[in-house]
Amino acid sequence: TTPVEDDPSSSIGPIEERTFGAFSGALGGRYDLGRGFAVGANISRAFRIPTVQELFSLGPHLAAYTFEVGNPTLEEETALGFDLFVRLSRDDAQAEISAFRSDIDRYIYGRNTGELSPVGLPVYQFTGGDAVLTGVEGALEWSLSRSWVFEGNASYVEGTLSDTDEPLPLIPPLRGSAAIRYERPSWFVESRIRGAAEQESVAEFETPTDGYALLDVGAGLRLSLGGRLHTLTLQVDNLTDALYRNHLSLTKELLPEAGRAVRLLYRVGF
């Protein structure tokens with residue numbers, strides 16, 4: 001990373017050329033237990049270099065309603081990750097559940113300082129600290145009959161700083177969805193409930209969020225014309241127009257998420 005010019009007087013410190021380097025790799029294995037079941041594990045080493053914004057920013061980020069202050073001394077993140085999974089694969093059902101842990105050295109994140117910029121925006125200082133991410137996730141697709149299909153997924157993650165055990169900012173709460181779909185060769189209808197639990201494990205100056213549940217519905221037509229599949233879908237998201245806030249949004253204190261949305265989609269397969 002090479003700045004256009006050095007500025008020793010910058011309030012974020014000397015802005016100078018930075019060079020990064022690291023290696024990554026992964027190793028995994030799977031064992032079939034029979035009757036469609038398999039277990040496996042993966043271990044990996046990954047890295048991420050800081051972005052230009054994380055290194056050198058010093059100004060408002062209006063889309064996120066923040067004033068971002070870079071850190072030119074940031075080093076690259078390196079992570080050692082490990083996960084275990086159990087998988088089911090049958091004609092009428094596909095399912096997987098996995099648990100993971102990732103130990104990250106010099107995890108880079110924007111820390112809310114609790115201060116306001118001269119224009120009234122909250123000041124976020126990019127910093128790095130050792131962190132641990134652990135979690136579990138699962139997914140299921142089950143054909144209840146020739147026409148009825150059930151789908152579901154859920155995920156949960158915890159993120160903490162290693163030295164202090166304090167929560168990391170912008171960690172999603174328990175969340176998931178469940179859907180039921182009725183399919184015929186030429187049409188389908190479906191209904192889905194998606195939502196998240198409340199998130200009260202928050203970093204300093206971070207706002208907790210309430211849980212929510214949303215109802216989505218949809219229907220579609222399929223038609224084969226000219227040797228190609230044509231699909232027309234009508235989708236209504238958040239049918240009840242529920243008010244909710246996404247914990248990962250930096251503007252959640254000011255703006256809730258979108259209300260009811262209606263979409264009409266036309267697709268042609270090639």
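The values are calculated or read from the model by the stated rules, or taken from the named source; none is laboratory data. These figures come from a predicted structure and were not determined experimentally. Note that each Cβ is placed from the backbone with ideal geometry, even for glycine, and that neighbours are counted across all protein chains shown. Keep in mind that these areas ignore ligands, DNA and RNA; they rest on the heavy atoms of the full protein, side chains included. Shrake-Rupley method; radii C 1.70, N 1.55, O 1.52, S 1.80 Å.
Looking only at region 79-91, decide whether some residue is assigned to a loop (DSSP other than H, G, I, E, B) and modelled with pLDDT under 95.
Within region 79-91, one or more residues are assigned to a loop (DSSP other than H, G, I, E, B) and modelled with pLDDT under 95.
Enumerate the strands (runs of 3 or more DSSP E) found wholly within region 1-74, keeping only those where 3 or more residues are among the hydrophobic types (A, V, I, L, M, F, W, C), under 30 Å from residue 92 (Cα atoms) and at pLDDT 95 or above.
Answer list for region 1-74: 37-48.
If you scan region 105-124, which residues turn out to be outside any strand (DSSP E or B) and closer than 13 Å to residue 62 by Cα?
117, 119, 120, 121
Considering each of 145, 155 in turn, give the residue that is surrounded by fewer than 15 Cβ atoms within 10 Å (Cβ to Cβ) and either over 24 Å from residue 237 (Cα atoms) or of a type in the set (Ser, Thr, Tyr) (or both).
Answer to the selection: 145.
Are any of the residues in region 81-94 without any contact (Cβ under 8 Å) to a residue 40 or more places away in the chain, closer than 26 Å to residue 20 by Cα and open to solvent by less than 60 Å² (accessible area, probe 1.4 Å)?
Within region 81-94 (the criterion being without any contact (Cβ under 8 Å) to a residue 40 or more places away in the chain, closer than 26 Å to residue 20 by Cα and open to solvent by less than 60 Å² (accessible area, probe 1.4 Å)), the answer is yes, since at least one residue qualifies.
Any residue at all in region 53-74 that is without any contact (Cβ under 8 Å) to a residue 24 or more places away in the chain and open to solvent by less than 70 Å² (accessible area, probe 1.4 Å)?
yes
Applying the selection to region 23-42, what residues are open to solvent by 60 Å² or more (accessible area, probe 1.4 Å) and under 17 Å from residue 87 (Cα atoms)? If you could, list the steps in order and put the result at the bottom.
Let us first name the residues in region 23-42 that are open to solvent by 60 Å² or more (accessible area, probe 1.4 Å), namely 23-24, 26-27, 30-33, 35, 37.
30, 31, 32, 33, 35, 37, listed by residue number.
If you take the residues of region 98-135 that are within 16 Å of the chain's Cα centre (by Cα) and aromatic (Phe, Trp, Tyr), which of them is surrounded by the fewest Cβ atoms within 10 Å (Cβ to Cβ)?
100
Considering each of 257, 166, 253, 204 in turn, give the residue that is surrounded by 14 or more Cβ atoms within 10 Å (Cβ to Cβ), in contact (Cβ under 8 Å) with a residue 24 or more places away in the chain and either out of contact with any Ser or Thr (no Cβ under 6 Å at 6 or more places or on another chain) or farther than 28 Å from residue 99 by Cα (or both).
166
Only residues that are part of a loop (DSSP other than H, G, I, E, B) and more than 11 Å from the chain's Cα centre (by Cα): list them for region 150-175, please.
162, 163, 164, 165, 166, 168, 169, 174, listed by residue number.
Could you grab me the full set of residues in region 236-270 that are among the β-branched types (Val, Ile, Thr) and more than 15 Å from residue 194 (Cβ to Cβ)?
Listed by number, the residues that qualify are 251, 262, 268.
Would you mind telling me which numbered condition in (1) out of contact with any Phe, Trp or Tyr (no Cβ under 9 Å at 6 or more places or on another chain); (2) modelled with pLDDT of 95 or more; (3) open to solvent by less than 60 Å² (accessible area, probe 1.4 Å) residue 211 fails?
(1)
Just checking, which of 205, 270 is of a type in the set (A, V, I, L, M, F, W, C) and on the phi > 0 side of the Ramachandran plot?
It is 205.
Could you say which residue among 240, 233 is among the β-branched types (Val, Ile, Thr), open to solvent by less than 60 Å² (accessible area, probe 1.4 Å), in contact with a Leu (Cβ under 8 Å, 6 or more places away or on another chain) and modelled with pLDDT of 95 or more?
Among 240, 233, only 233 is among the β-branched types (Val, Ile, Thr), open to solvent by less than 60 Å² (accessible area, probe 1.4 Å), in contact with a Leu (Cβ under 8 Å, 6 or more places away or on another chain) and modelled with pLDDT of 95 or more.
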